[in-house]
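To keep things clear, I will list the structure first and then write my remarks on it.
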Amino acid sequence: MKKILFIPVLCAILLALGSCSSMRHYTYFQNIDTLDLSASKGLPVTRIMPNDELSIIVKTTNPEVSQPFNLFSGTEANSSTNNNIRGYLVDNEGCINFPVLGRIHVGGLSNSEIEDTISNKLKPYLSRSEKPVVICRLRSFRVTMIGELGSKVIEVPDEKINIVQALAQAGDISMYGKRTNVLLVREDSTGEKHTHRFNMNDARVFNDPYYYLKQNDIVYVQPTKQKTVQSSTGQWTTLWVTVLGWATTVASLVLTILK
């Protein structure tokens, strides 16, 4: 009788062990309660790169004064930022062609630094009493998400997105995606590609220097071996193989106990 009762108990233990293993595989930030997050302090600064597209608006008290320095009418410039207006394309040397002011180098600068640069260049063209307002925004901040979370290009109008937000916007990693090996591909200002990998099960991702993404980043989630097998043999075949494997293991253990 004891041996008979032992069989369902053994099965329950095996299922519990399998469940615990699955939980560890799918749970994000597992060690966060013991992690020092002080290293995560700080906000990202977006630096302009070649082939970026900028929206730059010059505003003045009198719209007619700022009109020559905008790609559109002075009335539009003094109303609000319009996402449909033409932008300034940064060339391979990191420069843009600005109305009246001509060629301006913006590569490697932040939005605020570009605003200050243009404001200073405007001074000779305006009266001393005029205090122009320059607004610069990056129009082409995009992150590409592919792999086991679907395929999506995320537009980032506020120029700030981290790896967690990007995964969430792409629909999260599927049950067949490797959370411990998320690949990031990043291109620098010279066109050279660099790679970095995230372990999303580890809370140290919050301290990772690559935690905040940059424009044109590519994030790829690799499929697990289970997904690879399923794709080649079919869902039902994989299911039966799994069930048969568990049944064989349990049967072997039972036979060993009954001997």
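The values are calculated or read from the model by the stated rules, or taken from the named source; none is laboratory data. It should be emphasised that the depicted structure is a prediction, and the values quoted were computed from it without experimental measurement. All Cβ positions, glycine included, derive from the backbone under ideal geometry; neighbour counts span all protein chains shown. With ligands, DNA and RNA removed, areas are computed over all heavy atoms of the protein, side chains included. Shrake-Rupley method; radii C 1.70, N 1.55, O 1.52, S 1.80 Å.
Computed over the alpha-carbon atoms, region 117-203 gives an Rg to Rh ratio of 1.22, Rh here being the Kirkwood radius from the mean inverse distance. Local charge for N216 was computed over the other residues whose Cβ lies under 9 Å away, with Lys and Arg +1 and Asp and Glu -1, and equals 0.
Put a dot 7 Å past the Cα of I32, heading toward its Cβ, do the same for N97, and the two dots end up 5.0 nm apart.
Based on C-alpha pairs under 8 angstrom that are at least 6 apart in sequence, region 110-179 has a relative contact order of 25 percent. A 1.4 Å probe over all protein chains sorts R103, R179, R142 by accessible area into R103, R142, R179, starting with the largest. Legend: distances between Cα atoms for K152/K225; K121/K152; K41/K123; K41/K131; K131/K214; K41/K193; pairs beyond 29 Å are K121/K152; K41/K123; K41/K131; K131/K214. Label sites at K152 and H196, each approximated as a point 7 angstrom past Cα along Cα to Cβ, lie 2.1 nm apart. Solvent-accessible area per residue in region 69-228 equals 53 Å², computed with a 1.4 angstrom probe and all protein chains kept. Annotation: aspartates and glutamates with alpha-carbon distance below 12 angstrom to K59 (same-chain offsets under eight excluded): E76, E115, E130. The calculated FRET efficiency for S129 paired with V45, based on their beta-carbon distance and R0 = 45 Å, is about 0.85.
Shape annotation for region 86-230: C-alpha extents along the principal axes are 70, 27, 25 Å, from largest to smallest.
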